[in-house]
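The values are calculated or read from the model by the stated rules, or taken from the named source; none is laboratory data. Values in this document were obtained by computation on a predicted structure and should not be read as measured data. Quick reminder, even Gly has a Cβ in these numbers, built from the backbone with ideal geometry, and neighbours come from all protein chains shown. Heads up: the accessible areas ignore ligands, DNA and RNA and are worked out on the full protein's heavy atoms, side chains in. Shrake-Rupley method; radii C 1.70, N 1.55, O 1.52, S 1.80 Å.
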Amino acid sequence: MISTGLNQAQFIDRLKKDTLQKGNFETNSKISIGREHVDWNFGVVRNTVFKELVTIYSAELNSGLAFFNCEFKKGIIFRACSTDKFDTLYNPYNCSILFNKCKTEFLTFSEGCLFNRGVAIENESSIGTLSILDSIFTGNAFRISNSEISKLLDVKGANLYSLNISKSRVNNCRIVSSKLDLAFIKSTFQGSVKLWNVDTNKSLTFNQNVFEQEFGIKSSRIESIYIHGDTFQKKAKLENRGDTGTNHESSLDNIYISEANFIEGFEFDGMSKELKNLTLRLSPNFQGILRIIGWKIFETSISGMNENLKVVFKRINFKRLQLIDFSNSGDITFERSGAENTLFKTEEDPDSSIIAYDSSLGLTRFNEFDFNSFDFIDISNVSFNGIEASNVNWFDDSKIRITTPENEAAQGFRRRRELYRQIKHTLKSSGNQIDNLMFQAREMQAYRNELKASGNYNLGDKVIMAISRTNDYGLNWLKPLILLIGITIVCYGISLPLFTKELWYDFDLPFADFSLIKGVFVDNLSTLANMFNPARRFSVTYGENVSTWLYFLDLLHRLFLGIFIFQIIKAFRRLAVK
């Protein structure tokens with residue numbers, strides 16, 4: 001197809017007269033457009049091949065420029081340009097600069113460009129290197145759609161309303177010392193993606209992209225990060241570390257992640273700084289490795305079904321940890337974590353908490369996790385079957401809140417009992433004898449409260465529970481020992497008048513002198529010592545001529561003695577080695 005050759009003067013003349021929209025054109029010399037050349041409201045260039053460099057400098061471009069099906073063999077540069085007089089009456093494309101189905105070796109915006117509308121690169125445009133340097137774009141996004149950046153996307157010292165890349169291919173992406181929102185949608189990034197010293201207006205949004213090489217964010221101040229359906233094939237990391245050499249602080253407020261694939265892992269390293277919200281919406285499509293390390297988090301929300309994702313929470317302080325409609329058959333670990341009780345504390349919301357509803361923790365691991373550091377734990381319909389616990393500081397019974405309907409206290413105690421039974425079974429299967437017995441005792445205490453609340457607490461149950469409580473359901477050996485000694489001394493004192501000649505029971509006579517009782521008590525201490533032997537011989541202990549009532553008293557004492565010895569032995573199981 002024959003093209004019309006143009007020099008600079010001819011090109012600018014046609015641009016002023018708006019006669020570059022029909023036909024095919026090519027320029028053989030450099031094209032430089034300055035302030036003195038611009039007297040149009042909106043310039044349109046179609047089907048033009050620029051064989052030399054195109055430079056647009058220090059120009060007020062009014063409502064902007066649009067290039068359709070153009071090729072810039074040596075590239076195009078915008079320097080110190082602006083579009084302060086943008087008018088939609090002349091420019092219908094809602095952007096200051098438009099590249100539609102264009103090709104260029106490089107495209108550069110530099111030296112303080114100021115566009116009150118964005119730039120659009122679309123419709124299979126191909127750019128080698130796109131540089132956005134020390135320029136400002138307000139009012140609309142810098143959009144790249146259905147196009148390709150084959151070498152490098154370089155943003156430095158820029159202020160963009162947002163950078164939106166959709167359905168495109170980008171090789172390397174480097175964003176440094178800039179303020180902008182990012183929206184990467186259904187695009188492929190073939191090289192590395194690096195962000196350093198970035199400020200966001202609102203968020204970084206990643207939706208169904210593929211990142212083939214490393215992804216990194218450092219020394220940035222970000223309000224929110226949203227990740228949905230993205231694939232990170234190599235290592236990805238956000239490091240919330242400031243740069244002391246340049247005094248750049250670092251912060252992140254919100255993280256939202258769903259259905260991503262972190263093949264070599266994505267690590268969010270908080271460097272012990274605060275995070276307002278962390279939301280994980282899990283599903284079978286969520287895969288790979290996710291590491292959340294070193295944050296102080298106000299609210300963490302985990303929901304959905306985890307099957308293929310490995311999640312590690314390490315050195316996390318949670319103000320509120322929520323597990324709602326959550327099911328785990330994958331690998332989730334809470335390591336060296338606990339409650340944050342100072343940073344986010346307010347009069348309206350003073351307490352740290354774990355809130356878990358309608359969830360199954362499954363294979364969740366707790367390593368050095370401090371449950372007891374939380375002010376309360378609210379649980380409803382939660383399964384702890386299958387969890388793994390190592391060096392865990394378990395919660396006090398008083399911190400558990402079981403949600404139940406009004407006037408159904410028995411159901412609440414039944415749910416509490418089931419909770420303790422599940423944890424007991426898990427600890428027993430892992431060989432944790434000490435904590436296992438602690439939860440067994442809590443299970444029995446909850447069962448006692450359940451019986452009392454249900455109105456089915458009969459005499460037999462009361463007797464059994466009363467005996468079980470003498471050693472705190474298998475945890476306290478000292479308590480039954482003290483009771484054994486006390487009851488034996490009382491029985492010894494009661495039995496003295498039944499086997500000694502100096503004392504006897506007669507309600508018609510005055511009470512014996514205290515010194516006489518003391519003397520008889522001390523003289524027969526050998527009998528007291530024998531009474532601690534449940535297999536003692538009656539005649540050796542008390543003599544031959546004794547009262548008939550003594551046989552009955554001795555039988556009762558032997559019964560109590562056997563019970564308390566059994567309770568002492570049972571309590572020693574907690575510290576005994578099998």
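Looking across the range 452-468, the residues that are without any contact (Cβ under 8 Å) to a residue 24 or more places away in the chain and either crowded, with 19+ Cβ neighbours inside 10 Å or in a helix (DSSP H, G or I) (or both) come down to Lys452, Leu459, Gly460, Asp461, Lys462, Val463, Ile464, Met465, Ala466.
Yes or no, residue by residue, for (1) modelled with pLDDT of 75 or more; (2) touching a helix residue (DSSP H, G or I) at 6+ places or on another chain (Cβ under 8 Å); (3) over 30 Å from Asn436 (Cβ atoms):
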residue	(1), (2), (3)
Gly493	yes, yes, yes
Gly519	no, no, yes
Val522	yes, no, yes
Thr527	yes, yes, yes
Arg537	yes, no, yes
Asp554	yes, yes, yes
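Looking only at the range 161-186, how many residues end up being closer than 16 Å to Trp196 by Cβ and not charged (D, E, K, R)? Explain how you work it out, then say what you get.
Narrowing the range 161-186 to residues closer than 16 Å to Trp196 by Cβ: 163, 172-180, 182.
Adding the requirement that they be not charged (D, E, K, R) leaves 163, 172-173, 175-178, 180, 182.
Number of matching residues: 9.
One residue stands out in the range 86-111 among those that are polar (S, T, N, Q) and open to solvent by 70 Å² or more (accessible area, probe 1.4 Å): the one that is modelled with the highest pLDDT, namely Asn94. The set of residues from the range 206-238 being closer than 14 Å to Glu259 by Cα and of a type in the set (Ser, Thr, Tyr) comprises Tyr226, Thr231.
Taking residues in the range 384-412 that are acidic (Asp, Glu), and partners anywhere that are part of a strand (DSSP E or B) and open to solvent by 50 Å² or more (accessible area, probe 1.4 Å), the pairs with Cβ atoms closer than 6 Å and at least 6 places apart or on different chains are Glu388/Arg365. Here's a check for you: in the range 424-448, which residue that is free of Cβ contacts under 8 Å to residues at least 40 places away in the same chain and among the polar types (S, T, N, Q) is farthest from Ser398 (Cα to Cα)? So, considering only residues that are free of Cβ contacts under 8 Å to residues at least 40 places away in the same chain and among the polar types (S, T, N, Q), the one farthest from Ser398 (Cα to Cα) is Ser429. Taking each residue of the range 25-52 that is within 16 Å of Lys85 (Cβ to Cβ) and modelled with pLDDT under 95 and looking for partners that are in a helix (DSSP H, G or I) and open to solvent by 60 Å² or more (accessible area, probe 1.4 Å) with beta-carbon atoms closer than 7 Å, six or more apart or interchain, yields Asp39/Lys16; Trp40/Lys16. On the stretch given as the range 129-145, residues that are buried (at least 24 other Cβ atoms within 10 Å of the Cβ) and part of a strand (DSSP E or B) total 5.
Here is a yes/no grid of residues against (1) buried (at least 23 other Cβ atoms within 10 Å of the Cβ); (2) touching a strand residue (DSSP E or B) at 6+ places or on another chain (Cβ under 9 Å); (3) free of Cβ contacts under 8 Å to residues at least 12 places away in the same chain; (4) within 12 Å of Ser220 (Cα to Cα):
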| residue | (1), (2), (3), (4) |
| --- | --- |
| Ser168 | yes, yes, no, no |
| Val176 | no, yes, no, yes |
| Lys179 | no, yes, no, yes |
| Gly191 | no, yes, no, no |
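Considering only residues of the range 3-57 that are charged (D, E, K, R) and more than 20 Å from Ile77 (Cβ to Cβ), which is most open to solvent (accessible area, probe 1.4 Å)?
Of the residues in the range 3-57, the ones charged (D, E, K, R) are 13-14, 16-18, 22, 26, 30, 35-36, 39, 46, 51-52.
From what's left, more than 20 Å from Ile77 (Cβ to Cβ): 13-14, 16-18, 22, 39, 46.
On the way: Asp13: 66, Arg14: 75, Lys16: 85, Lys17: 134, Asp18: 79, Lys22: 175, Asp39: 107, Arg46: 66 Å².
Checked the range 3-57; the qualifying residue most open to solvent (accessible area, probe 1.4 Å) is Lys22.
Considering only the range 34-49, state which residues are outside any loop (DSSP other than H, G, I, E, B), under 16 Å from Leu98 (Cβ atoms) and touching a helix residue (DSSP H, G or I) at 6+ places or on another chain (Cβ under 9 Å). Even if it seems obvious, please write down each step before you answer.
If we filter the range 34-49 for residues that are outside any loop (DSSP other than H, G, I, E, B), which is where we start, we get 35-37, 43-46, 48-49.
Subset that is under 16 Å from Leu98 (Cβ atoms): 43-46, 48.
Answer for the range 34-49, where residues must be outside any loop (DSSP other than H, G, I, E, B), under 16 Å from Leu98 (Cβ atoms) and touching a helix residue (DSSP H, G or I) at 6+ places or on another chain (Cβ under 9 Å): Gly43, Val44, Val45, Thr48.
Residues of the range 112-128 that are open to solvent by 10 Å² or more (accessible area, probe 1.4 Å) and without any contact (Cβ under 8 Å) to a residue 40 or more places away in the chain: Gly112, Leu114, Asn116, Glu122, Asn123, Glu124, Ser126.
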